[in-house]
Amino acid sequence: MKIIHAIVLLGLVFFSANLIVADDDKDKKEATPEVRLQAAKEAMSTHTNIAILYVKGLVCPSCGIGVSKNLSRMKGVDKKRFKRGIEMDVKTQLVKIALNGKTGLDKKDILERVDDAGFVAIEEYKLHDDHLDVHRFGAGASTEVIHHLKK
Amino acid sequence: MMRFILGVCSLFPVVFGLLLKADEPIMNMMPRWSGGWGYQFFYEHRRERDLLLGSSARYRGFSEEVNLFHLEGVYTWKKFIRLTAKLPYVIHAEREIPDATGNKRVQKDEGIGDLTLALPLKKYFNLDGRSGSWTFKPMLLVPLAGDDEYEIYDNEWGNGIGLGYEFETSQFYFGIGTNGWVFYGDEPFESHSFLDLGYNFVTEQSNGSLFWETDFHFEDDESRTLSAGPALYFNHNDTIHSRIEWKHDFADHQGILDHGNGDTIKLGMAWVF
């Protein structure tokens, strides 16, 4: 019986220690803007005709399922690519959306769908000629370009 | 003489209820979006080895074995309000109790259990690198259980309140909560508290979590049980989810003669839309 108690104690210590250590762990923080930008650039060069969003707090795959489901139902999403049109990366908080046309997605709709899933969409990454623009969402689905980089 | 008294007492309809679970469908995680709904099934097997009074086995080897099938459903109106319903079905339950001479007497229970309705109210937060929620949950227990030789479910109305806090990072899960129940009958106040720690992992196509879960169950007749064990959750394709868990009673104290020193295994499958 003492052995079993020791196993329980070890289990608790192991999991608790991970949580405590995680305070200093970079993985616990969201990716830096530079890391996200680099990831977005790579995704844009790997995939064609996609939209990329930065969703704050999207750090766990299971709690982000609503984001995936809600965005997947948007008009203009190519469900044959990625996972029903959506690919989430909890390490960079980026959401890739496969598009089936050139018109893009309705920004207000994006914001509402992400908000409805319990998160906040902060930025959208867009290819503009050979440049990568970062559009920050503002009030009333307005956007402001905060980065303009050569791809 | 004491053995005779205990044997007779055990024939009274004492509390033999299973833990009133704090867990909610779907796997306590989803749906987090408006109009989301889902259902889950799980099979539960529980075996308690001894008949306890206090912390000691008054009748060693007088066991109880319970096989349950749970059907649970959830609907999310807005991300902050859900309705959940949980209906258990006793496939087969069998317990051994002492008769007046101290020998084993077997009693059985089968059929539908009591319905638990809950209205979890959620407040979500998204911080730097973590996402989580606070939960306030009023609950109602609706008596649907029938009459058998003994009852796994007590067939009484009850009211409960639950509080919870949980968050996840990309790697870890932390959840803590408690709930309390009062009943409109003979059953004493009871509470169920939990501390869940988890490690999240990602596969090529999906993701899952490995948990260490600790439960504490208290009844206002001096009964208290501390159980803990591992659980594995797996998200198959965002729609289908499964979970397996095992819990062992590490400390069991029964205020009245009741079975204890048990192990519980659960296998669950869920669908969310």
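Once Rg and the Kirkwood radius are both taken over the C-alpha atoms of the range B:180-229, their ratio Rg/Rh works out to 1.26. Our helix-only sum for chain B, with -39,500 (n - 2.57) per DSSP H run of n ≥ 4 divided by its residues, gives a mean residue ellipticity at 222 nm of -1000 deg cm²/dmol. A Cβ-based charge dipole, computed about the Cα centre of the range A:31-150 with Lys and Arg at +1 and Asp and Glu at -1, lands at about 480 debye. Over every Cα atom in chain B, the radius of gyration and the widest Cα-Cα span, Dmax, amount to 19.2, 65 Å. Only alpha carbons enter this Debye calculation for the range A:31-150, each as an equal point scatterer, and the log10 of I(q)/I(0) it gives at q = 0.19, 0.21, 0.22 Å⁻¹ is -1.01, -1.28, -1.43. Simple point charges give the picture: +1 on the Cβ of Lys and Arg, -1 on the Cβ of Asp and Glu, and for the range B:98-199 a dipole about the Cα centre of about 620 debye. In whole angstrom, note down how far apart the Cα centers of the range B:122-177 and the range B:220-270 are. Here the answer is 14 Å between Cα centres. Take every Cα pair under 8 Å whose residues are at least 6 apart in sequence, average their separation, divide by the length of chain B, and the relative contact order is 19 percent. When the alpha carbon gyration tensor of the protein assembly as shown is reduced to an equivalent ellipsoid, the three semi-axes, largest first, read 50, 21, 16 Å. Accessible surface for the protein assembly as shown, divided over its residues, is 45 Å² per residue with a 1.4 Å probe. When the protein assembly as shown is described by a simple charge dipole with +1 on each Lys and Arg Cβ and -1 on each Asp and Glu Cβ, the residue from B:GLY113, A:LEU132, B:GLY36 located farthest towards its positive end is A:LEU132. Near B:LEU226, once Lys and Arg are set to +1 and Asp and Glu to -1 for all other residues with Cβ below 9 Å from its Cβ, the sum equals -2. Share of the range A:31-150's accessible area from carbon and sulfur, percent, 1.4 Å? Roughly 51 percent of what the probe reaches on the range A:31-150 is carbon or sulfur.
For the pair B:LEU83 and B:PHE273, label points projected 7 Å from Cα toward Cβ lie 1.7 nm apart.
For the protein assembly as shown, a crude dipole built from +1 on the beta carbon of Lys and Arg and -1 on the beta carbon of Asp and Glu, taken about the Cα centre, is about 2080 debye to the nearest 20.
The values are calculated or read from the model by the stated rules, or taken from the named source; none is laboratory data. Everything numeric in this text was worked out from a predicted model, so none of it was measured. In this analysis, Cβ positions are derived from the backbone assuming ideal geometry, glycine residues included, and neighbour counts consider all displayed protein chains. All accessible areas refer to the heavy atoms of the entire protein, side chains included, with ligands and DNA or RNA removed. Shrake-Rupley method; radii C 1.70, N 1.55, O 1.52, S 1.80 Å.
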